[in-house]
Amino acid sequence: MASEPLAPEASHSPRRIRVGDGPRTRVVLIATVLVLTLLALIAPLAVIFAEAFRQGAAAYVASFASSDTQYAIGLTVFTALVVVPINVGFGIAAAWCIAKFSFPGRNLLVALVELPFSISPIIAGVAYLFVYGGQGLLGPWLQEHDIKIMFAVPGIILASLFVTAPFVARELIPLMIAQGSEEEEAAVTLGAGGWRILRLVTLPNVRFALLYGAALCNARVMGEFGAVSVVSGNIRGQTNTLPLQIELLYQDNNAIAAFAVATILTAVALVTLIAKAIIEKLDAAREKVAGRAGH
């Protein structure tokens, strides 16, 4: 039975244009994105460096001569050196457990891992006060044993651990799920143990995501303000990290020093973005080589 010819309206119907296909729409969208990027990102970064060097390089360098500022830099670096490795280990363990095993409560574990993204850092800091503070749940016991957590370095580390816990796991979980467990199962059949499989099979396959998650975790640790401001007590020269020191300098009407110290955190953010671009490029090259090898 011969098919009926298409109706003239159907055969000559115009092609439906998608949003952004029109030249005017493209110009408007691109211009809008560029303007918002300039106002929200580029301009603030430019102001930070311009204000930091407004009185010259000598004044910029002198801004770091304060003992309180030097202590804040050291405390921030120390906190990052403690928190990042712990959260890298936690992220690997959580991703391995969630991606490689099926068990009751798996979805609940995923929700718990992502919980710090849903809670305000200030609320997290207040929650730590209710647990470890002098009037908190464990406060009397800690005071009895002369253990100081709140308004001290341990409290800063705990708060930083909480707010940065999901970063590495969030990068690893979807990648491990997509990769499956075939390679690990093959390694088991060949007699490899758990640690050997993790070191020689799993981690090499996720190394770029792991590096990116660690870079994000480090940037957040060094720039965290809300939770740390609650648990630290803002004690000059004792519990001030870089973000808190910047606030104190600005409140003291020492804007040049505040902007100078802020350039450190800005540089960390920029280095993280550069590292992200490099990691993505290396990962894309690896996938391209793997695709060729597969064919």
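Quick look at the numbers
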| quantity | calculated |
| --- | --- |
| Residue in the stretch 79-104 that is farthest from Met222 (Cα to Cα), counting only those that are among the aromatic types (Phe, Trp, Tyr) and without any contact (Cβ under 8 Å) to a residue 60 or more places away in the chain | Phe103 |
| Hits in the stretch 67-116 - residues which are of a type in the set (Asp, Glu) and either touching an Asp or Glu at 6+ places or on another chain (Cβ under 8 Å) or within 24 Å of Asn254 (Cβ to Cβ) (or both) | Asp68 |
| Some residue of the stretch 181-188 being in the same structural domain as Glu224 (by TED's automatic domain parsing) and assigned to a loop (DSSP other than H, G, I, E, B) | yes |
| Those residues of the stretch 171-198 which are under 20 Å from Asn87 (Cβ atoms) and charged (D, E, K, R), in sequence order | Glu171 |
| Inter-residue pairs, beta-carbon under 7 Å, first in contact (Cβ under 8 Å) with a residue 60 or more places away in the chain and in the stretch 105-134, second acidic (Asp, Glu), 6+ apart | Pro121/Glu224 |
| Subset of the stretch 149-181 that is among the small types (Gly, Ala, Ser) and within 25 Å of Trp96 (Cα to Cα) - its residue that is surrounded by the most Cβ atoms within 10 Å (Cβ to Cβ) | Ser160 |
| Every residue from the stretch 67-87 that is of a type outside the set (Val, Ile, Thr) and surrounded by fewer than 17 Cβ atoms within 10 Å (Cβ to Cβ) | Ser67, Asp68, Gln70, Gly74, Phe78, Leu81, Pro85 |
| Near pairs, Cβ below 6 angstrom, 6+ apart or cross-chain, from the stretch 42-66 (more than 11 Å from Ala255 (Cβ to Cβ)) to any residue that is among the basic types (Lys, Arg) and surrounded by fewer than 14 Cβ atoms within 10 Å (Cβ to Cβ) | none |
| Residue match in the stretch 185-202 (condition: over 18 Å from Ala152 (Cα atoms) and at pLDDT 90 or above) | no |
| Single match in Leu248, Leu244 (criterion: crowded, with 22+ Cβ neighbours inside 10 Å and under 30 Å from Glu51 (Cα atoms)) | Leu244 |
| Conditions (1) under 15 Å from the mean Cα position of the chain (by Cα); (2) without any contact (Cβ under 8 Å) to a residue 24 or more places away in the chain: number failed by Leu138 | (1) |
| Single condition Trp195 does not satisfy, out of (1) touching a residue at least 40 places away in the same chain (Cβ under 8 Å); (2) more than 27 Å from Val126 (Cα to Cα); (3) aromatic (Phe, Trp, Tyr) | (1) |
| Entirely in the stretch 199-295, the helices (runs of 4 or more DSSP H) that have 1 or more residues that are among the charged types (D, E, K, R) | 207-223, 242-251, 255-294 |
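The values are calculated or read from the model by the stated rules, or taken from the named source; none is laboratory data. This is a predicted model, so every value here is computed, not measured. Here the Cβ is made from the backbone with ideal geometry for all residues, glycine too, and neighbour counts use every protein chain on show.
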